[in-house]
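Following: one structure in structure tokens, then a few remarks.
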Amino acid sequence: MTVFPLKFKPAADGGFFFADDAGGYFKSDEDFLSRYVSDTLSGSDREFLLRGGHAFEEPGDLAYAGFEFRFASRLYVPGPLDYIILVPTLRCNLACGYCQVSRVNENTPGFDWNADTVEAVIAFLGGISAPKMKIEFQGGEPTLRLDILSRIRDFCRSRFDQCEFVVCTNLQNLTDEIWDFLSLPDVFVSTSLDGDVSTHEFQRTFESRRTAQFVNNLDAAIARLGNGKVSALPTINPHRPPDPKSVIEAYTSRGMHSIYLRPVNFQGFARKRYDAHASSSIWNNYHSRFIDELVEYNWRAETPAEEYYFVHCLRRILRAGHNGHVDLRNPNVVGHGYVVIDHDGKIYPTDEARMVSRVGQFDLSMGDVFNGMSTATIDALNQEASNNFHPDCVHCAYQAFCGVDLVDDLSRYGRIDVPKHQTDFCQRHFAMFDKIFAMIYSDDPKVRKSMAIWAGVPNFDPSLARWHR
Ligand code: SF4
């Protein structure tokens, strides 16, 4: 019998956590670890490993093929280009302190698509062969150019079999025309509600009149468009976070039960205001407290709530192919399934790549809508986009569940070869997986209730917390 390589780490609650390259995992003790590393496995060790899919009798047998299938299923393969983020203007009617998108003031000229850019974007969209298309309008504040949004929408409807449009708006000033656009059946709204209302005012609106205007518009949007069409995200400053309870209350009281906590993204111009290093441990503590608060909430609540990214990571542990988040994939090949078109017609593989380029760190553009795409730079980056052979990740027990974010590394450190454990990406995900596995192995009925809900099963199956004793 041959054992597939096992990676291991001490578990917070005692014992050791083991995982293989295909994402199979279990816990055991130091004695087993000694037998494993000294190649003196007992009969019961061998039986456990074979039964759990961590070993095979001979190459090509069922256990071997099953492992290879599970391993391959965890790898991300980009699909056709069918998701495009459009930035028709950089102008915005708010000036949030941490704005990631390098906005300009509402009245600044020269930061909108001109007529030539609009035509070139339409020609670019016309050259895409995918049958369906998702367009996300970002900015700046995209509703300042409703004329362009309408033009793009009309073209896409005539060009693709199926379309979906997401308007990322601050919901600050809404005219009748904007309401009409947002009310269309294939249009969805994405906005920001930074935790509780007072935090939102501190971070975004700065005065009570504007805060009230936003809150009225948000509540009206939910009432008029329905919950399924309005999503909101809180951007959290980990140095001044709102109380988790108040965030849960602000969202669930509006019927929004999936909360995607995002730390302030220390990229682009936001760097000038905030410390880009040393925030991951503060964030990890806050995020962990938030999850604990959700567990308490779900114990009593009629309609449970979730933290979107925690649930995404949990499901990524429990099953293969959960690649729906662009920040957590392996390999994280960029510039294929989706792209971003900036206010000047330049094409970028991700929004973060747009910011890295805009502040002059690196030029990560992939050509423009006038002359077409060129992927030479991105292809070079993509050669490093896998964690399977990374000299640090290859030893990490969480490697099969984790991913890579090279643009984030470039943005924060100006290079991609910083030791992984020193990166914000690694520190945040390592802590996240620690938390999830502590909860998978928890006996607390409150934790088990939430974990079942978040895993999408009626009861949390104890076999998910496998031990070899
Ligand atoms: S980035 Fe960190 S947590 Fe993720 S696999 Fe690599 S070492 Fe592990």
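Return a yes/no flag: does segment 213-234 have any residue that is of a type in the set (Lys, Arg) and part of a loop (DSSP other than H, G, I, E, B). No, every residue in segment 213-234 fails to be of a type in the set (Lys, Arg) and part of a loop (DSSP other than H, G, I, E, B). Taking the listed residues GLU68, GLU164, GLU119, the one that is outside any helix (DSSP H, G or I) and among the acidic types (Asp, Glu) is GLU164, with no other qualifying. When LEU94 is tested against the conditions (1) closer than 30 Å to PRO241 by Cβ; (2) buried (at least 20 other Cβ atoms within 10 Å of the Cβ), the lone failure is (2). Within segment 23-52, residues that are not assigned by TED's automatic domain parsing to the domain that holds CYS313 sit with their Cβ atoms under 6 Å from residues that are surrounded by fewer than 18 Cβ atoms within 10 Å (Cβ to Cβ) and part of a strand (DSSP E or B), at 6+ positions apart or across chains, in these pairs: LYS27/TRP467; LEU49/VAL3.
Here's the yes/no breakdown for (1) surrounded by fewer than 18 Cβ atoms within 10 Å (Cβ to Cβ); (2) in a loop (DSSP other than H, G, I, E, B); (3) not aromatic (Phe, Trp, Tyr):
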{"site": "GLY139", "(1), (2), (3)": "no, yes, yes"}
{"site": "ILE152", "(1), (2), (3)": "no, no, yes"}
{"site": "SER158", "(1), (2), (3)": "yes, no, yes"}
{"site": "PRO185", "(1), (2), (3)": "yes, yes, yes"}
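When restricted to residues that are surrounded by 23 or more Cβ atoms within 10 Å (Cβ to Cβ) and more than 25 Å from the chain's Cα centre (by Cα), segment 340-373 contains 1.
Name the one entry in VAL333, VAL339 that is of a type in the set (A, V, I, L, M, F, W, C), at pLDDT 90 or above and in contact with a Leu (Cβ under 8 Å, 6 or more places away or on another chain).
Working: VAL333 fails: in contact with a Leu (Cβ under 8 Å, 6 or more places away or on another chain).
That would be VAL339, the only listed residue that is of a type in the set (A, V, I, L, M, F, W, C), at pLDDT 90 or above and in contact with a Leu (Cβ under 8 Å, 6 or more places away or on another chain).
Determine if segment 345-359 includes at least one residue that is in contact with an Asp or Glu (Cβ under 8 Å, 6 or more places away or on another chain), modelled with pLDDT under 95 and either closer than 30 Å to TYR286 by Cα or within 11 Å of the ligand (Cβ to nearest atom) (or both). Yes, there is a match, as at least one residue in segment 345-359 is in contact with an Asp or Glu (Cβ under 8 Å, 6 or more places away or on another chain), modelled with pLDDT under 95 and either closer than 30 Å to TYR286 by Cα or within 11 Å of the ligand (Cβ to nearest atom) (or both). On the stretch given as segment 277-330, residues that are crowded, with 20+ Cβ neighbours inside 10 Å and basic (Lys, Arg) total 2. Could you list, in sequence order, the residues of segment 35-54 that are in a loop (DSSP other than H, G, I, E, B) and over 12 Å from TYR25 (Cα atoms)? Of everything in segment 35-54, those that are in a loop (DSSP other than H, G, I, E, B) and over 12 Å from TYR25 (Cα atoms) turn out to be SER38, ASP39, THR40, LEU41, SER42.
Take the conditions crowded, with 16+ Cβ neighbours inside 10 Å, over 24 Å from the mean Cα position of the chain (by Cα), modelled with pLDDT under 95 and not aromatic (Phe, Trp, Tyr) and apply them to VAL118. Does it pass? Give the derivation first.
Numbers: crowded, with 16+ Cβ neighbours inside 10 Å: yes; over 24 Å from the mean Cα position of the chain (by Cα): yes; modelled with pLDDT under 95: no; not aromatic (Phe, Trp, Tyr): yes.
Criteria not met by VAL118.
Considering only residues in segment 71-87 that are surrounded by fewer than 16 Cβ atoms within 10 Å (Cβ to Cβ) and in a helix (DSSP H, G or I), the one that is farthest from the chain's Cα centre (by Cα) turns out to be ALA72.
The values are calculated or read from the model by the stated rules, or taken from the named source; none is laboratory data. No experiment lies behind these values; they were computed from the predicted model shown. Cβ sites come from the backbone with ideal geometry, for glycine too, and all protein chains shown count toward neighbours.
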